[in-house]
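Asker: What follows is a single structure, and I will ask about it in a moment.
Only the coordinates and a few stated rules stand behind these numbers; no lab work does. Worth saying up front: this structure is predicted, and the values here are computed from it rather than measured. Positions of Cβ are generated from backbone atoms using ideal geometry, with glycine treated the same way; all protein chains shown enter the neighbour counts.
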Amino acid sequence: MNRLIICLLLAMCFPAQSFAGKYDEGIRLLEAKSYVKAAAAFEAAAKEGDPGAERQLGFMYYRGLGFKQDNAKAVAQFEQAGTHGDLESQVNLGSMYENGLSVPQSDAKSAYWYRLAAEQGHRQSQFRFGEICYLGAGIPRDQAEATKWWDLAMRTEDDSTQRMGTMLQSVMNKIPAETWDEGHRRASEWLAARPGAK
């Protein structure tokens, strides 16, 4: 009797193991090109709240793998995954709405999804959301907020940082020093609120 109670308690405490297994099974089946079975595994994991499985279902609908190709269902799956914190879905949705790919073009929705990805520390989304703030594309224009996101995006020294800096050079010269100072202050506050963020 004690053994049964312990097993039930473990199952209640560690439900993620079940959907992780279903997600992994879906990946194996997808790689084996067993699309209908992969879709079933991802659907089971998605019902248990796995945002990675929701994203995979979105790609399968988008590509017509295991389902009839359906952009509306693909976008619905990406949005569900993005709402549940899936970074890849958030970035993809930002780009899709920005460029009108399989969805009506929407600056406001693009800004929404890029911001969610930027908040998770995705450097390219931080850079892009900074551009959106600077231009006021779908949101009110805010140069200090733009400099905050650019500051965060350029904190790591590598080739992409140099490219970002080169792209921003002409814009940087137009922004007043006090605006840059405000942006740096906001970036520092953002980092202080997220221990471990770069």
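Asker: If you filter the stretch 123-175 for trypsin sites (Lys or Arg not before Pro), then keep DSSP loop positions with at most 12 other Cβ within 10 Å, what is left?
Answerer: On the way: sites: 123, 128, 141, 148, 155, 163, 174; in loops: 141, 155, 174.
Filter output for the stretch 123-175: 141, 174.
Asker: Ignoring everything except DSSP H segments at least 4 long, calculate the 222 nm mean residue ellipticity for the chain; use -39,500 (n - 2.57) per segment, divide by total residues, nearest 500. Provide the component values of the computation, followed by the final result.
Answerer: Numbers: 11 runs with 147 residues, N = 198.
Roughly -23500 deg cm²/dmol at 222 nm, from the helical runs in the chain.
Asker: For the chain, what is the convex hull (Cα atoms) projected area averaged across all directions, in square nanometres?
Answerer: On the way: hull surface 58.5 nm².
Averaged projected area of the chain's Cα convex hull equals 14.6 nm².
Asker: Moving on. Write out the trypsin sites (Lys or Arg not before Pro) in the stretch 30-119 meeting two conditions: DSSP loop, and at most 10 other Cβ atoms within 10 Å of their Cβ.
Answerer: Values: sites: 33, 37, 47, 55, 63, 68, 73, 109, 115; in loops: 33, 68.
Hits after loop and neighbour filter: 33, 68.
Asker: In the stretch 106-175, which GluC sites (Glu not before Pro) are in a loop and have at most 14 other Cβ atoms within 10 Å, using DSSP for the loop call? Can you show the working numbers first?
Answerer: Values: sites: 119, 131, 145, 157; in loops: 157.
When the GluC sites (Glu not before Pro) of the stretch 106-175 are filtered for loop state and at most 14 Cβ neighbours within 10 Å, 157 remain.
Asker: Fewest first, what order do 107, 159, 181, 50 take by the number of other Cβ atoms within 10 Å?
Answerer: Values: 107 15, 159 7, 181 12, 50 23.
Ordered by Cβ neighbours within 10 Å, fewest first: 159, 181, 107, 50.
Asker: Can you pick out the pairs among 68/109; 109/174; 22/47; 47/73; 148/174 whose Cα atoms lie more than 20 Å from each other?
Answerer: Numbers: 68/109 26 Å; 109/174 27 Å; 22/47 11 Å; 47/73 15 Å; 148/174 16 Å.
From 68/109; 109/174; 22/47; 47/73; 148/174, over 20 Å: 68/109; 109/174.
Asker: Using only Cα atoms, locate the centre of the stretch 138-162 and the centre of the stretch 175-196, then give the distance between them in Å, rounded to an integer.
Answerer: 10
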